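Take a look at the structure set out below.
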Amino acid sequence: MDFSALLSLDYWNNLAQAHLPELVIILTAAVVVVLDRYVRRMISRATASFNVIARFLVFLLVCSVGYAAMALAVAWALRAGITIKSGLYAAPAVAAVLLVVAIEAQRQKQA
């Protein structure tokens with residue numbers, strides 16, 4: 001393989017398609033970690049008037065079921081988004097998701 005092949009979008013799309021399961025797992029973990037702040041804020045606001053035991057039970061439910069459901073939904077959406085048009089835009093989609101996650105993580109770090 002020569003250097004000019006590295007500059008083609010077809011090469012990067014094929015590479016992304018070959019490693020799709022790994023990419024989906026990595027991107028799902030990154031998205032869930034970034035979304036965690038918003039989920040915790042939403043849950044704490046919704047349960048502010050609950051007593052301690054009820055808040056603890058909601059916390060257990062969110063941790064056991066909520067984050068699993070969120071991870072499954074994010075993984076499904078990422079897989080569907082990356083494989084649009086038979087993976088024609090797989091590499092740019094992965095790059096776009098990584099860029100958005102990086103920007104949001106940096107924004108959260110500064111806040």
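Tabulated results
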quantity	calculated
Options Ala105, Ala73, Ala80, Ala91: the member that is of a type in the set (Gly, Ala, Ser), surrounded by 11 or more Cβ atoms within 10 Å (Cβ to Cβ), free of Cβ contacts under 8 Å to residues at least 60 places away in the same chain and within 18 Å of Ala30 (Cβ to Cβ)	Ala73
Candidate set from segment 1-55 (those that are among the charged types (D, E, K, R) and either closer than 20 Å to Ile84 by Cβ or not in a helix (DSSP H, G or I) (or both)); member that is modelled with the highest pLDDT	Glu22
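Every residue, every condition in (1) modelled with pLDDT under 95; (2) aromatic (Phe, Trp, Tyr); (3) outside any helix (DSSP H, G or I), yes or no:
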residue: Phe59; (1), (2), (3): yes, yes, no
residue: Val62; (1), (2), (3): yes, no, no
residue: Ala75; (1), (2), (3): no, no, no
residue: Leu78; (1), (2), (3): yes, no, no
residue: Gly81; (1), (2), (3): yes, no, no
residue: Ser86; (1), (2), (3): yes, no, no
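The values are calculated or read from the model by the stated rules, or taken from the named source; none is laboratory data. Keep in mind that this is a model prediction, so the values were computed, not measured. Here the Cβ is made from the backbone with ideal geometry for all residues, glycine too, and neighbour counts use every protein chain on show.
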